[in-house]
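Read-outs throughout are calculated quantities, based only on the coordinates presented, and are distinct from any laboratory measurement. These figures come from a predicted structure and were not determined experimentally. A quick note on method: Cβ atoms are made from the backbone with ideal geometry, for glycine too, and the neighbour counts reach across all protein chains shown.
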Amino acid sequence: MAYWKSDDGTQIYYELHGRSGSEDTMLLLPGLLGAVSAQWREFVEPLAKNYRLLHVDLRGHGRSENKAAGLLPDRMVQDVLGLLDHLNVDSVRISGYNLGGYLGLMLHLFEPRRVRSLIMHGTKFYWTPEAAEQMTQQLDPDRLGERAPAYASQLAVQHGAARWRALVRQAADLVAYLSENGLTEEIAFRAQCKILVSVGDRDELIPVHEAQRLSRGFDQGALMVLPGVHQPIQSLGLMPMLQVMQSFHR
């Protein structure tokens, strides 16, 4: 458990687990409104047997601060790259959920040599205006508190009772930004590392045909459809995902 300070003074929280002397590092990235305290947690102990694990709270999430006015993907990627430099990590294997998978792809496109392989689970890439509008409406803290009080309470625990509402509003702005200014296929499909696009067959946000389209655009892309899995990462069981992560990243 430690903090690293970015160039704008923001404290980024991270954890290191596993084989400290290993040159094989796996980076676990949570999703939008996620935190290391809850996401990928059950995977840490088994993966740490073979990898040096780096677990990071994204800017503004969990125990990480955000000195910027909002959330921008480029700034979040620079945070991760700065942390890797700080830790003297030359390259990583990335397992990212939701926004974490998207940022992992951006990181590879920014610095191709840094990413050896990438798993994008439950990552929304294609945004229609209708889908973006629906998501931004859902990311209203007042509405969320009324319709999903248990989830609102969870966000308060993970991100702080005083700041979870502001974070939800920033998340809505980020979705709107990605829908208008996100990666194009032309740029995304320049990726040259191994990429596994993973989606549940019951994902409420990502249709399987979208995940298939994305995976087929990568030169080294593959698709995995998990039966009975919904969008929330809590729906993703340890098996068979752990076995897939171990074999794909090997």
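Things worth noting here:
- Taking the DSSP beta bridges with both ends in the chain, the antiparallel portion is around 25 percent.
- For region 108-243, the spherically averaged projection of the C-alpha convex hull amounts to 9.3 nm².
- Each stretch of four or more DSSP H residues adds -39500 (n - 2.57); spread over every residue of the chain, this sum gives -12500 deg cm²/dmol at 222 nm.
- Efficiency of FRET between Arg190 and Ala68 - r from beta-carbon atoms, R0 25 angstrom, step 0.05: 0.35
- Coupling constants for region 47-62 follow from the phi torsions by the Karplus curve (6.51 cos²θ - 1.76 cosθ + 1.60, θ = phi - 60°), and in residue order they are 6, 5, 6, 10, 10, 7, 9, 10, 10, 10, 7, 5, 3, x, 10, x Hz; glycine and proline get x.
- Only the Cβ atoms of Lys and Arg (+1) and of Asp and Glu (-1) were treated as charged; on that basis the dipole of region 1-129 about its Cα centre amounts to roughly 200 debye.
- For Ser64, distant residues with modelled amide H under 5 Å away: Tyr13
- Put a plus charge on the Cβ of each Lys and Arg, a minus charge on the Cβ of each Asp and Glu, and nothing anywhere else: the dipole of region 127-182 about its Cα centre is then about 300 debye.
- Peptides ranked, highest mean first, by Cβ atoms within 10 Å: ranges 52-58, 200-206: 52-58, 200-206
- At full extension, Tyr177 and Ala162 could sit 2.9 nm farther apart than now, given 0.36 nm per residue minus the alpha carbon distance.
- Spin-label model, Arg41/Arg250: points 7 Å from Cα along the beta carbon direction are separated by 2.9 nm.
- Shape call, the chain: gyration tensor on alpha carbons, a/c limit 1.5: rounded
- Approximate spin-label separation Thr128-Gln154, in nm, with each point projected 7 Å along Cα-to-Cβ: 2.7 nm
- Counting 0.36 nm for each residue step from Leu81 to Gln137 and taking away their Cα separation leaves a gain of 17.0 nm.
- Sites Ser91 and Gln234, calculated FRET efficiency, Cβ-Cβ separation with R0 35 Å, nearest 0.05: 0.70
- Shape class for region 5-45, computed from the alpha carbon gyration tensor (a ≥ b ≥ c): oblate, with a/c not under 1.5 and a/b at or below b/c.
- Between Leu242 and Glu146, full extension at 0.36 nm per residue minus the direct alpha carbon distance yields a gain of 31.0 nm.
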